[in-house]
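First the structure, in the form of structure tokens, and then the observations on it.
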Amino acid sequence: MKRFSVILWAMLIMALVFSACTPAQPSEKTKVRVATDATFPPFEMVDENTKQLTGFDVELMNAIAQKAGFEVEWINVGFDPMLAGIAECQYDMAIAAITITEERKASMDFSDPYINAGQIVTVRKETTDISGKNDLKGKKIGAQLGTTGAIEAEKIEGAEVKTYDSYDQAFLDLANGQIDAVIADYPTTLAFLATNPDKLKTVGEVFTDENYGVAFCKKKADLIPQVNAAIKALKEDGTIKKLEEKWLAGK
């Protein structure tokens, strides 16, 4: 009986030693619901071949998640419903070339800025009577619903503003002569011009100083320090610069 007890104790000790030497299994990553509007190339779009989300913002968020240690669950939704969903905490975060504004801060939180992108005017190549924002009085202007481009268009005296669910529709109408101009974020504009180099051109200078940031549901403030630390690290290690060169340079 005593011998059996000794063997039992020996087996128990060996089991404890073995378990101490076995590496701990990694804990499951927290899943974060991130909304985007994949109609904003080169920032977010659906790859025609793979049918997967891609673009500057998508790659940036995936890099942020890797640095911060969480897993992204992507939700693709229209820009205006996306902002409403963040305000109502249907999503944890959103990234979609979202300009940080004081008005938006009332219903959602923001990360530190990750890129600066102001507004610019786009017209058809043959247009000669519009050389910038100051020439848009009385013109028909297109912009995406809920964007700062739409906000700026509404400020122009006598202008007829037509809003769209996505900017590709606005630029298509512009190319087809349905509207006189489009006001949009500069990087987004460059991407659309790259697909219509013979039809469209920008006029004037970028006329607003704006920053894109990651938006947060106000109940998810605990995520902000993690995301800010990741953005800082990605700036310092050159990742964001590489994304700019890949997606924005020459667009």
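Every number here is computed from the coordinates shown, using simple stated rules; none is lab data. Keep in mind the model is a prediction, meaning the values are calculated, not measured. Cβ placement follows ideal geometry from the backbone for every residue including glycine, while neighbour counts extend to all protein chains displayed.
Tabulated results
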quantity: DSSP beta bridge pairing in segment 119-203, given as percent antiparallel to the nearest 5; calculated: 55 percent
quantity: Label corresponding to Kirkwood radius over Cα pairs in Å when calculated from the structure given, among (1) 18.9; (2) 20.3; (3) 17.9; calculated: (2)
quantity: Simple label model, 7 Å out from Cα along Cβ direction - residue 71 to residue 207, nm; calculated: 4.8 nm
quantity: Per-peptide average of other Cβ atoms within 10 Å, ordering 128-140, 109-121 highest first; calculated: 109-121, 128-140
quantity: Charge tally in the Cβ shell below 13 Å around residue 130, where Lys, Arg are +1 and Asp, Glu are -1, residue 130 excluded; calculated: +3
quantity: All lysines inside 20 Å of residue 139 as judged from Cα atoms, apart from same-chain residues fewer than 8 positions distant; calculated: 125, 155, 162, 199, 201
quantity: Radius 10 Å from Cβ of residue 200, net charge of other residues (Lys, Arg +1; Asp, Glu -1); calculated: +3
quantity: Entries of 218/241; 29/51; 29/219; 51/218; 29/220 with Cα pairs more than 23 Å apart; calculated: 218/241; 29/51; 51/218
quantity: Radius 10 Å from Cβ of residue 167, net charge of other residues (Lys, Arg +1; Asp, Glu -1); calculated: -4
quantity: The chain: antiparallel DSSP beta bridges as a percent of all, rounded to 5; calculated: 55 percent
quantity: Per-peptide average of other Cβ atoms within 10 Å, ordering 53-64, 206-217 highest first; calculated: 53-64, 206-217
quantity: Dipole axis of the chain (+1 Lys, Arg; -1 Asp, Glu on Cβ), positive-most option in 158, 204, 75; calculated: 75
